[in-house]
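Since the structure comes first, as structure tokens, the remarks are kept for the end.
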Amino acid sequence: MKSEYLNKIFDFFLPRVCPSCNNKLKSSEEIVCDYCFSKLKLTPESLIKTEFEKKFATKNFINDFHPIFVFESGNEIQHIIHSLKYNKQFRIGIFLGKIIANQLNEKLIEWKIELIIPIPLHRLKKAERGYNQSEFIAKGISIETKIPYSRKAIHRKKFTETQTHLSALERQQNVKDAFKVVNKKLIEGKNILLVDDVITTGSTITECAKVLLKEGAKNIYAASVAIAE
């Protein structure tokens, strides 16, 4: 395969390593080594149903959602996402986006998704990090599905503190009124897929969806690389 041949050449000059275990990748391995990839835990449908009821059902902003993997502290998916967010390994985002696209192919058709929107970062946070990891995930989904994605439909107008150590209620207050639609024509009447790296309480997704619906979007769905219970 052409990609495997190119990997052999690149690996000769700059060996690639797995973002989870840091072992050298084989030329046949793309981003994550086969062993670590086999350890990733797909989210069971029963958990998705339970988490949808807990995070989204009563608020009526998200029609459905699907996180691909289960996020647990110290597991492989945490290391992979950490490398994407903080080590500037952009290709991981596209790789994960392609996985989402392949796992959700039938659902994306069922949901009739017309536009993919990554959850935006505030400009100060984006300047500090240098990029928005969710944009690369959205790009990966778009590459596989040919569904367009946009970074210019909505932006985060409110700088919010990190939500890592906040309770569900504190997270909800933290992101309240944080988003603003900046291109109404782009989202009007469309079925939209919101994309994030990890969904924890669902507060950010919900607040984003609320603003999009208010400005004329038809239906909002959500997907993420992982879900943290």
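The values are calculated or read from the model by the stated rules, or taken from the named source; none is laboratory data. As the structure is a computational prediction, the values presented were derived from the model and not from experiment. Cβ sites come from the backbone with ideal geometry, for glycine too, and all protein chains shown count toward neighbours. To get the accessible areas, we keep the full protein, side chains included, count just its heavy atoms, and leave off ligands, DNA and RNA. Shrake-Rupley method; radii C 1.70, N 1.55, O 1.52, S 1.80 Å.
For segment 138-157, check the following and say yes or no: at least one residue is closer than 16 Å to Ala228 by Cβ and either at pLDDT below 90 or crowded, with 20+ Cβ neighbours inside 10 Å (or both).
Within segment 138-157, none of the residues are closer than 16 Å to Ala228 by Cβ and either at pLDDT below 90 or crowded, with 20+ Cβ neighbours inside 10 Å (or both).
Kindly establish whether Ile31 is in contact with a Pro (Cβ under 9 Å, 6 or more places away or on another chain), under 22 Å from Phe136 (Cα atoms) and buried (at least 21 other Cβ atoms within 10 Å of the Cβ). Yes: the conditions hold for Ile31.
Within segment 158-191, the set of residues being open to solvent by less than 80 Å² (accessible area, probe 1.4 Å), touching a Leu at 6+ places or on another chain (Cβ under 9 Å) and either modelled with pLDDT under 80 or among the charged types (D, E, K, R) (or both) comprises Asn174, Lys190. For segment 52-97, a residue qualifies if it is basic (Lys, Arg), more than 12 Å from Ala228 (Cα to Cα) and in a helix (DSSP H, G or I), and the qualifying residues are Lys54, Lys85, Arg91. Can you say whether Lys39 is at pLDDT below 95 and of a type in the set (Lys, Arg), as far as the supplied structure shows? For Lys39, the condition - at pLDDT below 95 and of a type in the set (Lys, Arg) - is not met.
Would you call Lys26 among the basic types (Lys, Arg), part of a loop (DSSP other than H, G, I, E, B), at pLDDT below 95 and surrounded by 14 or more Cβ atoms within 10 Å (Cβ to Cβ)? Lay out the reasoning, then the answer.
Values: among the basic types (Lys, Arg): yes; part of a loop (DSSP other than H, G, I, E, B): yes; at pLDDT below 95: yes; surrounded by 14 or more Cβ atoms within 10 Å (Cβ to Cβ): yes.
Yes: the conditions hold for Lys26.
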